[in-house]
Amino acid sequence: MNTHRVLSGIRATGRLHLGNYLGAVKGFLELQDNPTYQTLYMVADVHTLTTPYHIDELRKNRREVIIDYLAAGLDPKKSILFQQAEVNEHIELAFYFSSVTTIAKMQHLPTFKDKVKQYPEHATMALLNYPILMAADILVYKASLVPVGIDQEPHLEVAREIARRMNQDYGTDFPEPQRFATKGEYVPSLSGEGKMSKSVEGSFINLTDSLDEIRKKVRSVPTATVAGGEMTGGVKTLFTFLELCSPDQVASFKNEFEERTLKFVALKDAVTDAIYTMLKPLQEKRVKLVQDQAYIDNVICEGAEKARHIARKTVNEVKEKMGLE
Ligand code: TYM
């Protein structure tokens, strides 16, 4: 039927980590199998320019993310998979949207303030425009559902405000996009404080990490000297991972924790196994995929063509309504 559209994306800042997978990609997968929706998933390579980056790494990563998508089970027969930079209409629409968005509003967003704190030398116009480009990514396809982690909610609120403004002022018919939440909408950092994040070294597990790497990282999660009582951040993190990757094991470990018989190393080993068991099939698929680069080229090329076709229609409508045609 395909009456509604879904759009989401991940920046090309490196290999995908467990937070991206559980908070976003799991939602992508669920929705691609729902016949009510037409699903579009992109690599947000243009968004990567909003913080300092290396040219060669971006060039590599904008392809690697597509490979990670395919390895995770996204299927070009069911979803349109593409690179944002290949569809100029996103940037064009973002400029039109910037005319209904105030500077003050953008400066007050917590995500903007955080990034300015992180990169005080790079408080650029591109960073200020980040949420406007994200609104354009979604609304250029008139998508009504966006599978993203909870950290993206302020950006979705901006997209809804822009949609309302455009509809009021210019008579467009943009939907007000809503977040599609997964169970892993907030994956904690391995440090036990804050969320798992690509920009925080030591906080993440990559989807391509080996069993040994995962074990080493999970073993480094700070726990406590004895079990029982109030859980520390690190212990809560381990239980969150178990809940997300092997929920059947949670009850018995919780019991042991409360009875103060739990050995943290046993919990850590169970978490390691649960994560690796989940990731192993993705890793095996990835090894096969990279052997056929022509297939990947083809997915990228066809995805961009299909996305452009839908996006051009929206931009032409907007230009006409805004008096540019
Ligand atoms: P990015 O690359 O920062 O994050 C990509 C996705 O991963 C989710 N995520 C998490 N979810 C749960 N727990 C975590 N620790 C965690 N870390 C990351 C994010 O919520 C996100 O869903 N602005 C987007 C990229 C983007 C986009 C869009 C998304 C650009 N245009 C249009 C949707 C629609 C972002 O920050 O990506």
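Hey, what number do you get for the chain at 222 nm if only DSSP H runs of n ≥ 4 count, each worth -39500 (n - 2.57), divided across all residues, to the nearest 500? Mind dumping the intermediate values first?
Numbers: 13 runs with 167 residues, N = 325.
Per the formula, -16000 deg cm²/dmol.
This model, with +1 at the C-beta of Lys and Arg and -1 at the C-beta of Asp and Glu, gives segment 266-325 a dipole about its Cα centre of some 100 debye. Can you give me the C-alpha center-to-center distance between segment 64-128 and segment 170-226, rounded to a whole angstrom? Their Cα centres are 19 Å away from one another.
Any chance you could list the semi-axes, whole Å, largest first, of the equivalent ellipsoid that the Cα gyration tensor gives for the chain, using √(5λ)? If you can, show how the numbers build up before the last one.
On the way: eigenvalues 273, 100, 67 Å².
Three semi-axes, in Å: 37, 22, 18.
Beta bridges from DSSP with both residues in the chain: antiparallel share about 10 percent, rounded to the nearest 5.
Laboratory data are not the source of any read-out in this text; all were calculated from the coordinates shown. Keep in mind that this is a model prediction, so the values were computed, not measured. Note that each Cβ is placed from the backbone with ideal geometry, even for glycine, and that neighbours are counted across all protein chains shown.
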